[in-house]
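Below is one structure, written out as structure tokens, with a few remarks after it.
The values are calculated or read from the model by the stated rules, or taken from the named source; none is laboratory data. Everything quoted here is computed from the prediction, not taken from an experiment. We place every Cβ from the backbone using ideal geometry, glycine too, and count neighbours over all the protein chains shown. In case anyone asks, the SASA skips ligands and DNA or RNA and just uses the protein heavy atoms, side chains included. Shrake-Rupley method; radii C 1.70, N 1.55, O 1.52, S 1.80 Å.
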Amino acid sequence: MHGFGIFAKMDIPKAARIIEYVGERITKAEAERRGPKLIAYAQKHKQTGAVYLFVLNKKYDIDGHVEYNTAKYINHSCKPNCEVEIIRGHIWIMALCDIKKDQELFYNYGYDLDKYHEHPCLCKSPSCPGFITAEEHWPKLKKIMGRVLT
């Protein structure tokens, strides 16, 4: 978590489009160049939540590190109330369930297993595997960690 969060200003029904994740559309090669530089800068300045690169498709990513991208402040949770859907070249944050006014919005950032150890999870959900990974990777992570995930 990076000290921010997004809270519902009104009740949000299940399956609603909540907010679009926006930013600069960049190639995968450009994302590969920017990622390490952003991480190094964040570490040097003791910042968290400084890399907002989001996979759009096989060719492009979205660099959401722009002032007008409010969606970048949505925190991760292993028990999310939102999910990401890519619809016609747009990244949407969608409600997984009915969300009440003033509730914080969360989605699973869905990281791959490579470098999982660099992404410890602080969500405190009972089902949390301890690292920010896509739920599909939890069984393999369980084997790696040698413990039972509920």
Among Ala42, Ala31, Ala95: highest mean-square fluctuation, GNM of the chain, C-alpha pairs under 10 Å = Ala42
Calculate the spin-label point distance for His65 paired with Ala40, positioning each point 7 Å from the Cα along the beta-carbon direction, and give it in nanometres.
-> 1.2
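Using a cut-off of 14 Å between beta-carbons, work out the net charge of the residues near Gln103 (Lys and Arg +1, Asp and Glu -1, Gln103 not included). Display every interim value, and only then the final one.
Working: positive: Lys9, Lys14, Lys79, Lys100, Lys101; negative: Asp11, Asp98, Asp102, Glu104.
It works out to a net charge of +1.
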Heavy-atom accessible area with a 1.4 angstrom probe orders Lys44, Lys28, Lys14, most exposed first, as Lys44, Lys14, Lys28
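Percentage of Cα-Cα pair distances in the stretch 18-107 greater than 23 Å, rounded to whole percent?
On the way: 1106 of 4005 pairs.
Considering the stretch 18-107, 28 percent of its Cα-Cα pairs are separated by more than 23 Å.
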How much accessible area does Arg33 have with a 1.4 Å probe, in Å² rounded to the nearest 10?
-> 130
9 Å beta-carbon shell around Lys9, net charge (K/R +1, D/E -1) | 0
Here FRET efficiency (C-beta to C-beta, Lys58 to Leu122, R₀ 25 Å, nearest 0.05) is 0.20
For the stretch 15-104, state which GluC sites (Glu not before Pro) are in a DSSP loop and have at most 14 other beta carbons lying within 10 Å of their beta carbon.
-> Glu67
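Subtracting the Cα-Cα distance from 0.36 nm times the residue separation, let me have the gained length for Cys97 to Met10 in nm, one decimal. Don't skip to the end; give the middle numbers.
Details: separation 87, 0.36 × 87 = 31.32 nm, distance 1.39 nm.
Extending this stretch completely gives an extra 29.9 nm.
Run the numbers on the stretch 47-142 and let me know its relative contact order in percent, using alpha-carbon pairs under 8 Å that are six or more apart. Before the final figure, lay out each step's value.
On the way: 132 pairs, mean separation 21.6, N = 96.
For the stretch 47-142, the relative contact order is 23 percent.
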Which chymotrypsin sites (Phe, Trp or Tyr not before Pro) from the stretch 53-150 combine a DSSP loop assignment with at most 12 other Cβ atoms within 10 Å?
-> Tyr68
Low-density loop positions, trypsin sites (Lys or Arg not before Pro), the stretch 106-150 - DSSP coil, at most 13 other Cβ in 10 Å | Lys115, Lys124, Arg147
